[in-house]
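The values are calculated or read from the model by the stated rules, or taken from the named source; none is laboratory data. Everything quoted here is computed from the prediction, not taken from an experiment. Every residue, glycine as well, gets a Cβ built from its backbone with ideal geometry; the counts of neighbours run over all protein chains shown.
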Ligand SMILES: Cc1cc2nc3c(=O)[nH]c(=O)nc-3n(C[C@H](O)[C@H](O)[C@H](O)COP(=O)(O)OP(=O)(O)OC[C@H]3O[C@@H](n4cnc5c(N)ncnc54)[C@H](O)[C@@H]3O)c2cc1C
């Protein structure tokens, strides 16, 4: 089989990149092992314009947010599914945020574009409502992507083993596949990829719960460092934990207890029956920026990774940038180029 691009991994990164390359009339084959615990499937899919303790607009939000919203809406129109649910995000301010960060943001007006009602937000606010925000049903998005790729003979369920890979000057071969380039989108597994194990990865395990929450009627997402996402059918999700030492996809009792407490703090209700408990590992680089582009020593080998805890927001814009780079040679932004780490 001959393709232009062989992509390893069908999480958010690999899926969106494959779709961009297909849009640019390139032939792709995506290899994915079908693990149901990939970060992209564990994720709550929340999109939030203001993140972090300092109440700052999220990195590059003015570019990334419109690109992401436009992307998922276009996908919905084309494929007849609803993957994005718009929801306000209510952020409860800590005493430090109220005293220190919010007065500065209020004076500068830099959050106005993301406040649901800027006139209602004043010096005494104890919470702020942000929009546009919401969540993407990532499992549904990935499933529809998989269906689309499979219909074009562009998806293979298989484990990619590096010892079968041959890198030539003008092409790569893997088993029966020949390609111009191979692009690794393996999430946190990239830390053990011999071509990219030199990147400064700091992966973080995360867990979330889905619970029965019949008393939760408002559909606003609540956030106090943890978040509570009402699903609108008597269920809610609560998340997410961060753990840097034990990097596996196994749900833990400690995280469950922590999240049940977070549910109560955010809802004022006792935690209901746990319906689902998911765990995954976020792939994060030390500078928390995505990483994309071609290997400094092997022109036929590339990467799209480091989406951190904002894959839903980050993937559409940077997949487009990487596809433009691969197809037309358009230079990559230095801040995300893999070569920044050399
Ligand atoms: C608990 C949790 C909550 C999160 N919540 C949010 C959120 O609310 N909003 C948000 O934007 N982001 C969230 N994230 C982050 C988001 O999940 C990631 O940024 C994003 O999914 C990363 O996508 P990826 O494609 O890079 O990696 P992954 O999703 O890990 O995908 C990699 C894929 O490659 C496959 N693969 C790896 N190695 C091989 C191999 N050798 N052969 C074949 N296949 C292989 C894997 O099985 C997987 O399918 C959360 C993450 C976690 C863990």
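How about segment 164-178: which of its residues are under 29 Å from the mean Cα position of the chain (by Cα) and more than 11 Å from the ligand (Cβ to nearest atom)?
Across segment 164-178, the qualifying residues are 172, 177.
Closer than 29 Å to residue 7 by Cα and touching a residue at least 40 places away in the same chain (Cβ under 8 Å): is that true of residue 273 in this structure? First the steps, then the outcome.
Working: closer than 29 Å to residue 7 by Cα: no; touching a residue at least 40 places away in the same chain (Cβ under 8 Å): yes.
In short, no.
Could you tell me which numbered condition residue 195 fails, if it satisfies all but one of (1) touching a helix residue (DSSP H, G or I) at 6+ places or on another chain (Cβ under 9 Å); (2) at pLDDT 95 or above; (3) farther than 30 Å from residue 7 by Cβ?
(3)
Taking segment 202-221 as the region of interest, how many residues are away from the ligand (no atom under 14 Å from the Cβ) and crowded, with 21+ Cβ neighbours inside 10 Å?
Going through segment 202-221 one residue at a time, the tally reaches 3.
Please list, ordered by residue number, the helices (runs of 4 or more DSSP H) wholly in segment 1-95 having 1 or more residues that are away from the ligand (no atom under 16 Å from the Cβ).
Filter on segment 1-95 gives 12-23, 61-79.
Return the only residue of 43, 39 being closer than 27 Å to residue 217 by Cβ and crowded, with 23+ Cβ neighbours inside 10 Å. So that I can check it myself, show each step before the final result.
Working: 39 fails: closer than 27 Å to residue 217 by Cβ.
Being closer than 27 Å to residue 217 by Cβ and crowded, with 23+ Cβ neighbours inside 10 Å holds for just one of 43, 39, which is 43.
Yes or no, residue by residue, for (1) away from the ligand (no atom under 12 Å from the Cβ); (2) at pLDDT 95 or above; (3) assigned to a helix (DSSP H, G or I):
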{"site": "142", "(1), (2), (3)": "no, yes, yes"}
{"site": "145", "(1), (2), (3)": "no, yes, yes"}
{"site": "149", "(1), (2), (3)": "yes, yes, yes"}
{"site": "180", "(1), (2), (3)": "yes, yes, no"}
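Which ranges mark the strands (runs of 3 or more DSSP E) fully within segment 224-342 that have 2 or more residues being within 11 Å of the ligand (Cβ to nearest atom) and surrounded by fewer than 22 Cβ atoms within 10 Å (Cβ to Cβ)?
Correct list: 274-282.
With respect to the numbered conditions (1) under 16 Å from the mean Cα position of the chain (by Cα); (2) over 30 Å from residue 332 (Cβ atoms), which one is the sole condition not fulfilled by residue 273?
(1)
When the residues of segment 119-139 are narrowed to those that are loosely packed, with under 14 Cβ neighbours inside 10 Å and assigned to a helix (DSSP H, G or I), which ends up nearest to the ligand (Cβ to nearest atom)?
120
Look through segment 190-200, keep the residues that are outside any loop (DSSP other than H, G, I, E, B) and over 15 Å from residue 311 (Cβ atoms), and return whichever of them is nearest to the chain's Cα centre (by Cα).
191
Which condition from (1) surrounded by fewer than 20 Cβ atoms within 10 Å (Cβ to Cβ); (2) outside the structural domain of residue 101 (by TED's automatic domain parsing) is the one that residue 16 breaks?
(1)
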